[in-house]
1. With the structure loaded, tell me whether residue B:54 is away from chain A (no Cβ under 14 Å), under 16 Å from the mean Cα position of the chain (by Cα) and either part of a strand (DSSP E or B) or modelled with pLDDT of 95 or more (or both) or whether it fails that test.
2. Filter region B:21-36 down to residues that are within 7 Å of another protein chain (Cβ to nearest Cβ) and free of Cβ contacts under 8 Å to residues at least 60 places away in the same chain, then give me how many there are.
3. Are there any strands (runs of 3 or more DSSP E) wholly within region B:109-225 with 2 or more residues that are touching a residue at least 40 places away in the same chain (Cβ under 8 Å) and over 30 Å from residue B:53 (Cα atoms), and if so which?
4. Being touching a residue at least 60 places away in the same chain (Cβ under 8 Å), within 14 Å of another protein chain (Cβ to nearest Cβ) and in a loop (DSSP other than H, G, I, E, B) narrows it down to one of B:99, B:87, B:65, so name that one.
5. If a residue has to be assigned to a strand (DSSP E or B) and either at the interface with chain B (Cβ under 9 Å from one of its Cβ atoms) or over 19 Å from residue A:70 (Cα atoms) (or both) to count, how many in region A:41-52 make the cut?
6. Taking residue A:89 as meeting all but one of (1) part of a loop (DSSP other than H, G, I, E, B); (2) free of Cβ contacts under 8 Å to residues at least 60 places away in the same chain, write down the number of the exception.
7. Among the numbered criteria (1) more than 9 Å from chain A (Cβ to nearest Cβ); (2) touching a residue at least 60 places away in the same chain (Cβ under 8 Å); (3) buried (at least 18 other Cβ atoms within 10 Å of the Cβ), which one does residue B:71 miss?
8. With the structure loaded, tell me whether residue A:71 is away from every other protein chain (no Cβ under 11 Å) and crowded, with 23+ Cβ neighbours inside 10 Å or whether it fails that test.
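The values are calculated or read from the model by the stated rules, or taken from the named source; none is laboratory data. Note that this is a predicted model, so its numbers are computed, not measured. As a convention, Cβ positions derive from the backbone with ideal geometry for all residues, glycine included, and neighbour counts pool all protein chains shown.
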């Protein structure tokens with residue numbers, strides 16, 4: 001089956017076989033390798049994308065059920081020349097160790113700040129509870145997000 | 001594979017009547033895990049995310065397609081509390097209360113609330129509508145009374161919900177965890193308590209003897225509360241598995257029930 005969806009503001013067509021996930025289609029059919037293929041059960045958050053504006057695990061979305069939707073992956077967040085403010089803050093605060101979880105954290109953070117521009121530390125922790133960093137680099141991630149909340153507060 | 005994506009309830013019921021063997025897809029947070037791990041490969045899927053009637057929440061009638069994210073922000077205290085413990089923000093954005101019922105896991109996070117308030121589950125098919133009480137609907141481990149041509153359409157809450165209601169669950173961390181034990185306690189204006197426990201039996205259960213005992217005590221003394229906890233521990237039917245032991249679950253069920261009951265008394 002073929003589906004059409006808007007990925008990173010561009011209309012794309014993709015072949016879909018059986019009940020495979022949106023994550024699989026993004027990576028294997030559309031060549032977008034930002035969202036990561038890791039736990040495949042919604043535990044790790046490294047495949048987080050925005051689906052019609054909601055942050056979801058793309059491994060738990062049936063690709064056939066995403067037809068006609070708008071998807072934003074980390075590739076659509078910013079460009080190399082013009083980083084998204086969340087990306088810039090992560091770079092500034094060294095909130096990247098191995099980098100595997102980073103795309104998921106960036107999308108979850110962008111989603112959080114879109115709904116709540118000035119989250120408290122507790123709100124940041126809760127909003128990012130579905131993203132796991134096995135390097136345990138949470139301190140730097142937290143500082144990066146807090147800096148953005150601080151800027152927006154002042 | 002064939003996927004149908006109805007946008008209205010009539011269309012959905014028709015699709016299911018024509019293909020009662022079809023696999024139903026709501027938020028995908030359970031089904032897609034089975035598919036990703038090659039435990040299931042459905043030939044025919046009916047995706048329910050677009051069915052607008054299922055997303056309606058009107059007072060005590062809660063559409064099956066309402067997500068835990070919406071429930072978390074809703075006005076019902078213990079329901080919002082339990083929704084906040086479901087998975088992670090990503091899981092709550094997708095997962096629905098209807099899906100939680102359809103999966104019928106013994107650890108289903110919404111079940112203790114539904115059992116404590118004696119909620120009903122509404123099922124619809126082309127043949128008509130029927131409404132089952134929670135214990136008529138949840139009949140075993142991952143088993144429900146839903147017929148193949150029926151959709152879970154709504155949860156119907158009782159007319160009056162006790163104002164004092166508390167939910168909590170025990171697990172290895174606060175997020176992304178399947179309950180080791182979960183509990184919901186409600187105390188109505190007459191002081192009558194109801195206690196429901198999850199993950200300690202094939203389905204959620206009510207601790208009826210503990211309820212009766214504490215409801216007959218006019219003074220909720222330390223001794224009465226300790227006996228209440230002991231009866232809960234005795235009444236639950238947990239097993240030992242990879243997540244915990246029978247012994248720990250019995251203990252935690254008693255502690256949790258007493259703690260939630262005391263919280264109710266303080267509010």
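1. Numbers: away from chain A (no Cβ under 14 Å): yes; under 16 Å from the mean Cα position of the chain (by Cα): no; either part of a strand (DSSP E or B) or modelled with pLDDT of 95 or more (or both): yes.
Considered against the rule, which asks whether it is away from chain A (no Cβ under 14 Å), under 16 Å from the mean Cα position of the chain (by Cα) and either part of a strand (DSSP E or B) or modelled with pLDDT of 95 or more (or both), residue B:54 comes out as no.
2. Pass one, region B:21-36, residues within 7 Å of another protein chain (Cβ to nearest Cβ): B:25, B:28-29, B:32-33, B:35-36.
If we keep only those that are free of Cβ contacts under 8 Å to residues at least 60 places away in the same chain too, we end up with B:25, B:32-33, B:35-36.
Residues flagged as within 7 Å of another protein chain (Cβ to nearest Cβ) and free of Cβ contacts under 8 Å to residues at least 60 places away in the same chain within region B:21-36 amount to 5.
3. Values: elements: B:120-125, B:128-133, B:138-140, B:151-156, B:164-170, B:181-187, B:193-198.
Once the strands (runs of 3 or more DSSP E) in region B:109-225 are filtered for at least 2 residues that are touching a residue at least 40 places away in the same chain (Cβ under 8 Å) and over 30 Å from residue B:53 (Cα atoms), what remains is B:164-170, B:181-187, B:193-198.
4. Details: B:99 fails: in a loop (DSSP other than H, G, I, E, B); B:65 fails: touching a residue at least 60 places away in the same chain (Cβ under 8 Å).
The unique qualifying residue is B:87.
5. Our first condition is that a residue be assigned to a strand (DSSP E or B); within region A:41-52, this holds for A:48-51.
Now narrow it down to the ones that are either at the interface with chain B (Cβ under 9 Å from one of its Cβ atoms) or over 19 Å from residue A:70 (Cα atoms) (or both): A:48, A:51.
Residues meeting the conditions: 2.
6. (1)
7. For residue B:71, the exception is condition (2).
8. Values: away from every other protein chain (no Cβ under 11 Å): yes; crowded, with 23+ Cβ neighbours inside 10 Å: yes.
Spelling it out, residue A:71 is indeed away from every other protein chain (no Cβ under 11 Å) and crowded, with 23+ Cβ neighbours inside 10 Å.
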